[in-house]
1. Restricting attention to the range A:74-84, does a residue exist that is in contact with a Phe, Trp or Tyr (Cβ under 8 Å, 6 or more places away or on another chain), modelled with pLDDT of 95 or more, more than 16 Å from ligand 2 (Cβ to nearest atom) and farther than 24 Å from residue B:159 by Cα?
2. Within the range A:402-422, which residues are more than 15 Å from residue B:85 (Cβ to Cβ), assigned to a loop (DSSP other than H, G, I, E, B) and within 24 Å of the chain's Cα centre (by Cα)?
3. All but one of (1) closer than 17 Å to residue A:270 by Cα; (2) surrounded by fewer than 24 Cβ atoms within 10 Å (Cβ to Cβ); (3) of a type outside the set (D, E, K, R) hold for residue A:7; state the number of the condition that does not hold.
4. Residue by residue through the range A:358-377, note down the ones that are touching a residue at least 24 places away in the same chain (Cβ under 8 Å), over 15 Å from residue B:150 (Cα atoms) and either surrounded by fewer than 24 Cβ atoms within 10 Å (Cβ to Cβ) or among the aromatic types (Phe, Trp, Tyr) (or both).
5. Is it true that some residue in the range B:37-51 is within 21 Å of residue B:174 (Cα to Cα) and more than 10 Å from chain A (Cβ to nearest Cβ)?
6. Conditions: (1) under 18 Å from residue A:103 (Cβ atoms); (2) modelled with pLDDT under 95. Residue A:340 meets all but one. Number of the miss?
7. For residue A:132, only one of the following conditions fails: (1) within 16 Å of ligand 1 (Cβ to nearest atom); (2) within 20 Å of the chain's Cα centre (by Cα); (3) farther than 30 Å from residue A:59 by Cβ. What is its number?
8. Test residue A:222 against the stated conditions and say whether it is more than 14 Å from chain B (Cβ to nearest Cβ) and touching a Lys or Arg at 6+ places or on another chain (Cβ under 7 Å).
Amino acid sequence: MQTYSTTEIVDAIVIGTGAGGAPLLARLARAGLKVVALEAGKHWNPITDFATDEKEQEKLFWTDERLSAGNDPLPFGSNNSGTGVGGSTLHYTAYTPRAQPDDFQLRTDFGVGEDWPLGFDQIEPYYNEIEQFLGISGPSPYPWGPARKQKYALGPLPVNGAGQLMERGCKELGIKTSPAANAALSAGYYQEGVGHRPACANRGFCQAGCNIGAKASMDVTYIPLAVHFGAEIRSESFVTQLIKDSSGKISEVVYIQNGEEKRQRCRYVFLCAGTVETARLLLLNGLGNSSGQVGRNVMAHPGLQIWGEFDEDVRPYKGIPGAIISEDTHRPANADFAGGYLLQSIGVMPLTYMTQMARGRGLWGEELKQAARAYNHVAGINILGDCLPYAHNYLELSDEKDIRGLPKPRIYFTNGENEKRMTAHANKIMRDIWAAAGAKNVWAFPRNAHVIGTCRMGVNPDTAVVNPDGQSFDIPNLYISDNSTFPSALSVNPALTIMALALRTADRFLEQHK
Amino acid sequence: MNYHYPAGTVRALLETDQVTKPTRQALTERLKASSDQPVFFSTEEFSLLQAVCDRLIPQNNQSERIDITGGIDKRLTENKSDGWRYDVMPADGDAYKLGLKGIDESAQLLFQQPFQNISAEQQDFILKAVQTRQAPGDTWQELAADRFFEELLAEAVSTYYSHPLAQEDIGYVGMADVPTWQRIGLNQLEDREPKSIGQGE
Ligand SMILES: Cc1cc2nc3c(=O)[nH]c(=O)nc-3n(C[C@H](O)[C@H](O)[C@H](O)COP(=O)(O)OP(=O)(O)OC[C@H]3O[C@@H](n4cnc5c(N)ncnc54)[C@H](O)[C@@H]3O)c2cc1C
Ligand code: SF4
């Protein structure tokens with residue numbers, strides 16, 4: 001790997017190597033820029049470091065404590081925050097549906113939420129490119145959204161028990177289903193600059209890290225590509241300060257590595273630390289916030305799960321967890337809410353299921369142990385729906401210090417009327433599907449997934465933190481590329497769109513700095 | 001439906017090459033871990049916590065007990081977090097100490113005895129009252145009883161079911177993934193996946 005000295009002025013520093021950082025890093029490196037990525041987490045070797053064990057894999061989660069406030073406090077850690085070279089993609093489930101064109105114009109269509117300052121047409125070419133590069137497995141044609149210009153790189157992954165049950169229930173109710181698009185390989189795959197990756201072993205462990213590189217986390221895709229093109233990855237480097245020079249530009253980034261404070265000089269900074277940490281860094285440093293919008297508009301997808309027990313052996317630890325999808329509820333007829341949601345079948349690892357059962361059903365004693373013994377017979381469905389931005393949902397710095405001595409972030413989250421109505425709608429449909437599929441002991445686990453917002457993009461510097469290219473309105477050499485810039489939540493899982501925006505931001509930057 | 005799985009499955013698989021090295025290492029360590037004296041909790045708090053956990057997750061097989069409380073003590077000693085906490089709750093360690101105090105206080109108020117001296121039924125009555133925010137005592141004015149109970153239960157459950165013996169109990173063998181899983185549809189089992197043996201207790 002190419003390395004740079006801290007005294008050298010590198011072209012760009014990329015802070016964070018998740019879905020927003022890694023693709024951009026590779027793009028800038030390919031253009032010949034001297035780029036250094038500063039990543040707080042470790043650089044793992046999945047084969048030797050990853051166990052097929054949830055407890056051991058807790059090391060992939062961001063565990064600096066955050067304070068969850070509001071009526072629907074968001075769980076962090078295992079629920080939505082990763083760390084390590086690859087960021088949260090180390091433990092994402094690998095669902096990679098595309099957003100649909102109308103997702104980008106909620107306000108136009110419903111009079112609530114926000115329109116994006118750019119449309120589907122600007123994102124679509126990147127969807128195509130990323131799906132091919134990552135080797136996304138999915139059906140062609142795909143039944144929903146505009147006709148695809150290109151087939152998915154690989155055919156769909158095999159369907160597990162939960163997926164079969166969802167197909168069965170939906171068929172009964174006349175709901176269309178399809179194998180889902182997943183960022184895991186249904187066959188071995190080779191990409192220049194990355195090398196060969198093997199097919200998925202159906203071990204259902206995506207949320208605790210893939211030990212064979214079948215899942216397209218960033219550490220086995222865009223990171224090796226970035227290194228191939230000359231980027232340096234500096235792991236275990238926790239950024240604390242961005243230093244401005246007299247011209248108002250950021251000239252230096254301060255970080256802690258092995259307990260030692262270091263500085264790297266640079267021309268441009270790309271902040272890709274994720275929704276919570278990006279906003280926290282800006283607030284800590286008092287940067288980029290002339291709009292007063294940093295930390296505002298926190299969103300989290302309604303993600304209600306419905307679980308049931310079936311007579312059949314399901315063994316929910318096998319197969320890609322999200323095998324089957326339906327987007328029939330993307331814009332449900334006669335809905336009493338704005339936007340919509342998608343339905344996904346879910347497999348589940350044992351600890352995740354047991355702790356959810358403890359929290360969601362409150363079971364204990366012999367009752368708990370008996371319900372736990374039904375684990376091999378459980379299957380779930382969940383939704384992933386749009387969430388509106390609200391003034392009452394935001395992030396602030398608290399007075400409490402974390403283990404690094406920095407103020408803990410406090411995140412307020414309360415579902416609004418729209419999310420509640422959507423969830424009620426979905427609760428009914430999913431219970432109907434599970435009843436039709438033959439489920440017993442059905443129970444609901446209410447949740448919100450994916451933290452989005454805090455540094456919204458827009459065209460107006462008074463109401464947005466960055467422009468549509470991801471560039472700060474206040475500091476011209478600062479860009480943001482991660483889940484924080486989404487003006488609205490979209491009704492699909494975010495990672496594919498974060499990557500698409502990242503490549504777009506990189507391309508726009510490169511065009512303007514030829 | 002009551003399912004019941006044979007003992008020994010995970011332990012047998014750990015001896016084979018169907019488990020990766022890092023997986024074997026993590027699970028074997030857990031299997032062999034010995035119970036230590038508490039560091040974070042006082043001896044009294046620790047034995048109260050044990051009594052509470054015994055009701056939350058009863059363990060009938062005394063020779064093969066899974067050490068839940070030792071795991072909690074270790075985490076709090078190392079000041080580790082799971083990445084978040086309810087804003088209404090004090091720091092994890094303080095919440096535990098306060099909650100344990102509250103449980104004893106409720107037992108005194110309702111049964112005039114400490115929690116560990118009352119019957120199992122009475123203990124369950126207290127715990128149910130804590131879970132549903134109906135337990136008496138000043139402590140629960142300071143601490144959200146339902147949240148405390150939820151957090152305690154979630155940690156106890158996650159510690160317990162991460163243990164190979166508990167995984168045998170639920171018939172889980174997902175750690176044996178080296179040969180890959182090919183039979184993944186409904187009612188399709190690989191040879192290494194145990195079947196439920198009858199209806200159990
Ligand atoms: C269990 C789980 C399942 C998920 N499943 C899916 C799914 O199926 N499909 C989907 O689309 N999305 C899924 N997601 C969400 C998806 O992973 C995230 O939306 C996405 O990775 C966010 O990208 P990001 O670039 O914003 O942040 P991240 O990917 O979180 O990357 C941020 C990186 O920045 C680093 N960092 C933070 N602060 C600093 C600092 N001060 N200094 C240096 N580095 C720092 C972090 O360590 C981290 O590596 C899932 C998430 C979780 C937790
Ligand atoms: S299911 Fe496939 S992609 Fe997911 S972790 Fe297992 S092998 Fe990797």
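1. Checking the range A:74-84: not a single residue is in contact with a Phe, Trp or Tyr (Cβ under 8 Å, 6 or more places away or on another chain), modelled with pLDDT of 95 or more, more than 16 Å from ligand 2 (Cβ to nearest atom) and farther than 24 Å from residue B:159 by Cα.
2. Once the filter is applied, which keeps residues that are more than 15 Å from residue B:85 (Cβ to Cβ), assigned to a loop (DSSP other than H, G, I, E, B) and within 24 Å of the chain's Cα centre (by Cα), the range A:402-422 yields A:414, A:415, A:416.
3. Only one criterion in (1) closer than 17 Å to residue A:270 by Cα; (2) surrounded by fewer than 24 Cβ atoms within 10 Å (Cβ to Cβ); (3) of a type outside the set (D, E, K, R) is unmet by residue A:7, namely (1).
4. Hits for the range A:358-377 are A:371, A:374, A:375, A:377.
5. no
6. Exception for residue A:340: condition (2).
7. Only one criterion is unmet by residue A:132, namely (1).
8. No, not satisfied.
The values are calculated or read from the model by the stated rules, or taken from the named source; none is laboratory data. These numbers come from a predicted model, not from an experiment. Quick reminder, even Gly has a Cβ in these numbers, built from the backbone with ideal geometry, and neighbours come from all protein chains shown.
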